[in-house]
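Read-outs: derived from the displayed coordinates by stated rules, not from any lab. Keep in mind that this is a model prediction, so the values were computed, not measured. With ideal geometry, Cβ positions are generated from the backbone for all residues, glycine too; neighbour counts draw on all protein chains shown.
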Amino acid sequence: MDQPLLVADPHAEIREEVAKLCARFPGEYWRRVDRDRAYPTEFVQALTE
């Protein structure tokens with residue numbers, strides 16, 4: 001019987017890049033945004049880029 005081909009995770013690169021992006025916005029950033037009831041402009045801009 002033939003072995004099925006192992007396919008690399010097609011989403012691995014996306015997950016890696018999202019993790020890098022999120023690392024740039026630590027908990028302190030989110031607490032400040034929450035405390036100030038502000039929109040996370042910097043995060044959204046970085047995500048859009």
- Message: Considering only residues that are acidic (Asp, Glu) and in a helix (DSSP H, G or I), which ones fall in segment 21-46?
- Response: GLU28, ASP34, GLU42
- How many residues does segment 19-49 contain that are surrounded by fewer than 10 Cβ atoms within 10 Å (Cβ to Cβ) and under 10 Å from the mean Cα position of the chain (by Cα)? 3
